[in-house]
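J.: Take a look at this one; I'll ask things after.
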Amino acid sequence: MAKSKYEYVRKFEQNDQCLLNCWIVIRIDGRNFHRFSDAHNFEKPNDQRALQLMNKCAESVMKEFTDVVIAYGQSDEFSLVFKRSTSQFGRRASKLVTNVVSLFSSSYVFYWGHFFTYQELLYPPMFDGRVVLYPTEKNLRDYLSWRQADCHINNLYNTCFWCLVQQAGLTSNQAEDRLNGTVSSDKNEILFSEFNINYNNLPQMYRKGSVLIWEKMSDPSDSSQVNNFQKTRRQVALHHTDIIGDTFWNEHGDILDS
């Protein structure tokens with residue numbers, strides 16, 4: 001790079017390198033997505049197309065930045081976890097978050113028509129992002145557990161709310177008053193006794209959110225088998241499962257060891 005008398009301005013740049021030996025989590029959130037979902041006629045309380053589109057965006061990020069070892073998403077948010085040893089962009093927080101959020105946002109627009117075939121995109125969606133560091137395995141698992149617990153709490157409330165509005169004919173204010181002060185068991189009882197809905201039978205994607213990880217899978221392009229050996233390659237796999245308990249982590253111990 002050619003030197004000039006103006007080069008001193010680079011000294012104003014701040015060093016925002018993330019602390020070493022920590023998992024780097026980038027959480028992406030939709031901005032004003034209540035308005036966005038209303039404008040684009042999202043189904044309530046869950047729009048399968050919108051959730052699948054979010055999953056596709058996260059997959060795009062993981063395929064571009066392969067140091068992302070796990071991603072968890074629900075509603076209009078996604079958390080993407082970079083392995084603790086990553087050196088991507090020199091671990092600079094600003095570079096990490098801007099590249100990830102820009103790719104996620106552009107993917108949302110690029111793949112919109114794949115999922116919303118007959119719905120025109122009326123205006124560009126907006127996402128914000130933040131960087132959080134977690135130094136221990138327990139910290140990281142507790143973070144992901146927090147996001148999944150949030151998914152359950154919000155979805156249970158929203159499922160009750162929209163049943164009261166769409167099927168029972170209550171106004172939004174009346175539905176809010178009806179649910180005010182209720183606990184999970186109360187909401188489950190409302191759904192079962194008044195709407196014949198067993199909450200546990202609803203799709204896992206709505207109740208558990210989406211988990212994307214890397215898995216070794218058979219290469220579909222490899223048709224030859226030698227001694228029953230078929231080539232495998234790492235691919236992004238989508239799960240809708242519990243990540244609060246130990247079972248998932250015992251089955252995929254390589255995620256945190258990567």
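J.: Test T159 against the stated conditions and say whether it is at pLDDT 95 or above, assigned to a loop (DSSP other than H, G, I, E, B) and among the polar types (S, T, N, Q).
T.: Details: at pLDDT 95 or above: yes; assigned to a loop (DSSP other than H, G, I, E, B): no; among the polar types (S, T, N, Q): yes.
No: the conditions fail for T159.
Every residue, every condition in (1) under 17 Å from the mean Cα position of the chain (by Cα); (2) of a type outside the set (S, T, Y); (3) modelled with pLDDT under 95; (4) under 18 Å from T66 (Cα atoms), yes or no:
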position: S87; (1), (2), (3), (4): no, no, no, yes
position: G90; (1), (2), (3), (4): no, yes, no, yes
position: S107; (1), (2), (3), (4): yes, no, no, yes
position: Y123; (1), (2), (3), (4): no, no, no, no
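J.: Every residue in region 77-110 that is of a type in the set (S, T, Y), surrounded by fewer than 20 Cβ atoms within 10 Å (Cβ to Cβ) and in contact with a Phe, Trp or Tyr (Cβ under 7 Å, 6 or more places away or on another chain), please.
T.: Correct list: S105 only.
J.: Tell me, yes or no, whether region 95-102 has at least one residue that is of a type in the set (G, A, S) and touching a residue at least 12 places away in the same chain (Cβ under 8 Å). Break it down into steps so the answer makes sense when it comes.
T.: So in region 95-102, the residues of a type in the set (G, A, S) come out as 102.
Add one more test, that the residue is touching a residue at least 12 places away in the same chain (Cβ under 8 Å), and what stays is none.
No, the conditions are met nowhere in region 95-102.
This table checks each residue for (1) hydrophobic (A, V, I, L, M, F, W, C); (2) on the phi > 0 side of the Ramachandran plot.
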site: L133; (1), (2): yes, no
site: W146; (1), (2): yes, no
site: N158; (1), (2): no, no
site: G169; (1), (2): no, yes
site: R178; (1), (2): no, no
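J.: Name the single residue, out of those in region 243-258 being in a loop (DSSP other than H, G, I, E, B) and more than 20 Å from D150 (Cα to Cα), that is most open to solvent (accessible area, probe 1.4 Å). Lay out the reasoning, then the answer.
T.: In the first step, residues of region 243-258 are kept if they are in a loop (DSSP other than H, G, I, E, B); the result is 243-246, 252-253, 258.
Restricting the remaining residues to those that are more than 20 Å from D150 (Cα to Cα) gives 252-253, 258.
Details: H252: 31, G253: 34, S258: 59 Å².
Step by step, filter region 243-258, then rank; the result is S258.
J.: Does Q174 qualify as being within 28 Å of G73 (Cβ to Cβ), assigned to a helix (DSSP H, G or I) and at pLDDT 95 or above?
T.: No: the conditions fail for Q174.
J.: Which of the residues spanning region 111-133 are without any contact (Cβ under 8 Å) to a residue 40 or more places away in the chain and open to solvent by 50 Å² or more (accessible area, probe 1.4 Å)? Lay out the reasoning, then the answer.
T.: Restricting attention to region 111-133, the residues satisfying the condition of being without any contact (Cβ under 8 Å) to a residue 40 or more places away in the chain are 113, 117-118, 120, 124.
Within region 111-133, T117, Y118, E120, P124 qualify.
J.: Looking only at region 7-57, count every residue that is under 14 Å from the mean Cα position of the chain (by Cα), open to solvent by less than 30 Å² (accessible area, probe 1.4 Å) and not charged (D, E, K, R) and tell me the total.
T.: Qualifying residue count for the region: 10.
J.: Being in contact (Cβ under 8 Å) with a residue 60 or more places away in the chain and open to solvent by 60 Å² or more (accessible area, probe 1.4 Å) is the filter here, so list the residues in region 134-155 that pass it.
T.: P135, E137, N154
J.: Could you grab me the full set of residues in region 125-134 that are under 16 Å from F36 (Cβ atoms) and in contact with a Phe, Trp or Tyr (Cβ under 9 Å, 6 or more places away or on another chain)?
T.: Answer for region 125-134, where residues must be under 16 Å from F36 (Cβ atoms) and in contact with a Phe, Trp or Tyr (Cβ under 9 Å, 6 or more places away or on another chain): P125, M126, F127.
J.: Scan region 156-181 for residues that are among the polar types (S, T, N, Q) and open to solvent by 30 Å² or more (accessible area, probe 1.4 Å) and jot them down.
T.: N158, Q166, Q167, T171, S172, N173, Q174, N180, listed by residue number.
J.: Could you check how many residues of region 165-183 are out of contact with any Ser or Thr (no Cβ under 9 Å at 6 or more places or on another chain) and closer than 16 Å to E194 by Cβ?
T.: Pass one, region 165-183, residues out of contact with any Ser or Thr (no Cβ under 9 Å at 6 or more places or on another chain): 166-183.
Subsequent filtering for residues that are closer than 16 Å to E194 by Cβ retains 166-170, 174-175, 177-179, 182.
Residues that pass the stated criteria total 11.
The values are calculated or read from the model by the stated rules, or taken from the named source; none is laboratory data. Note that this is a predicted model, so its numbers are computed, not measured. Using ideal geometry, Cβ is built from the backbone for each residue, glycine included, and neighbour counts are taken over all protein chains shown. Side chains are part of the model used for accessible areas, which takes the heavy atoms of the whole protein and leaves out ligands, DNA and RNA. Shrake-Rupley method; radii C 1.70, N 1.55, O 1.52, S 1.80 Å.
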